[in-house]
Amino acid sequence: MEEKLIIPNHVGIIMDGNGRWAVERGKTRTYGHKTAVSTLKDLCVHMVDVGVKYASLYAFSTENFKRDIKEVDFLMNLFIATFNKEFEFLKKKKVRIVFSGRREPLPEKVLKAMDKLVDETKDNKALVLNICLNYGSHAEIVDTTKKLCELYKDGKIELDDIDEELISKNLYQDLPPLDFVIRTSGELRLSNFMMYQASYAEFYFPKVYFPDFNNEEFDKAILEFNKRNRRFGGVK
Ligand code: FPP
């Protein structure tokens, strides 16, 4: 990539279109999810190489539990296999993994694989990979509100301590705001993904399905990001 490009500090990716990608090829939807893991692995290496510092990935929403039980089970097993084996290389790339979302009702084996990955990568500094799993913005706002109420009840904060910074610090993860949100597959929705964090993000909706969102597509996204005039509500 060209040297002078601005690399967004925090990129969010809604990895959409796995099912359609597979069905268009006469395969089962699960084949699309499996291929997505391979796309994602390449993308993680690329993001480290170009200097992205934070990346948030929408892996499974609170609403995705409404899917056919067989697809949900497949995804849970895919997460276990990916976290236990496929993501081994991320340790060498110095990627730190964190998770956002509710633990309930994720299966024990998924939670165990998540906790292990978090622990094994906690000192890494190249890229923070925030995996949103059983995640929803609405649930996050509810859970953050409860956390702040507990702090208030325990006398650890005053009402006047509640400000934007305190809310931000008490979301599932204390991360910088999103600069750039990419949703593949041409759908023009946020679908309950990091609403609070995306308030001033730039949005990009490439037509390609996620399994085809390769490094070249990511570079095209960065070029598009560089064309945006970010004003943050001011005048430039
Ligand atoms: C959306 O495509 C994708 C998902 C709900 C699952 C995302 C999962 C992965 C990319 C697997 C790997 C991720 C990790 C973190 C290991 P869709 O099924 O809604 O596609 P469709 O809109 O074409 O039906």
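The values are calculated or read from the model by the stated rules, or taken from the named source; none is laboratory data. Only a predicted model underlies this, so the values are computations on that prediction, with no experimental measurement involved. Because the Cβ atoms are built from the backbone with ideal geometry, glycine has one as well, and the counts that use them run over all protein chains shown. Surface areas here come from the heavy atoms of the whole protein model, side chains and all, with no ligands, DNA or RNA. Shrake-Rupley method; radii C 1.70, N 1.55, O 1.52, S 1.80 Å.
Working only within the stretch 58-77, note down all residues that are within 12 Å of the ligand (Cβ to nearest atom) and among the hydrophobic types (A, V, I, L, M, F, W, C). Steps first, answer last, please.
Taking the stretch 58-77 first, the residues within 12 Å of the ligand (Cβ to nearest atom) are 58-68, 71-72, 74-77.
If the condition is that a residue be within 12 Å of the ligand (Cβ to nearest atom) and among the hydrophobic types (A, V, I, L, M, F, W, C), then A59, F60, F65, V72, F74, L75, M76 are the ones that fit.
Sub-6 Å Cβ pairs linking a first residue in the stretch 141-165 that is within 27 Å of A198 (Cβ to Cβ) to a second residue that is assigned to a helix (DSSP H, G or I), at least 6 apart or interchain, are I157/L151, ordered by first then second residue.
Give the residue, chosen from R29, R25, that is near the ligand (Cβ under 9 Å from one of its atoms), basic (K, R) and at pLDDT 95 or above. Spell out the reasoning first.
Values: R25 fails: near the ligand (Cβ under 9 Å from one of its atoms).
Testing whether each residue is near the ligand (Cβ under 9 Å from one of its atoms), basic (K, R) and at pLDDT 95 or above leaves just R29.
Considering (1) within 16 Å of the ligand (Cβ to nearest atom); (2) within 13 Å of the chain's Cα centre (by Cα), the lone condition that L175 does not fulfil carries the number (1).
Those residues that are more than 14 Å from V37 (Cα to Cα), within 15 Å of the ligand (Cβ to nearest atom) and open to solvent by 40 Å² or more (accessible area, probe 1.4 Å), I need them from the stretch 209-218; list them, please. Across the stretch 209-218, there are no qualifying residues.
Within the stretch 178-200, the residues that satisfy the criterion of being of a type in the set (D, E, K, R) and within 16 Å of the ligand (Cβ to nearest atom) are R183, E187, R189. Here the stretch 78-95 is the region considered, the condition is being part of a helix (DSSP H, G or I), more than 10 Å from the ligand (Cβ to nearest atom) and surrounded by 14 or more Cβ atoms within 10 Å (Cβ to Cβ), and the residue that is nearest to the chain's Cα centre (by Cα) is L90. For the stretch 103-113, filtering for residues that are open to solvent by less than 90 Å² (accessible area, probe 1.4 Å) and in a loop (DSSP other than H, G, I, E, B) leaves 3. Does L43 qualify as being open to solvent by less than 10 Å² (accessible area, probe 1.4 Å), within 15 Å of the ligand (Cβ to nearest atom) and assigned to a helix (DSSP H, G or I)? Yes: the conditions hold for L43. Within the stretch 17-56, if we keep just the residues that are acidic (D, E) and within 19 Å of the chain's Cα centre (by Cα), the residue that is nearest to N134 (Cα to Cα) turns out to be D42.
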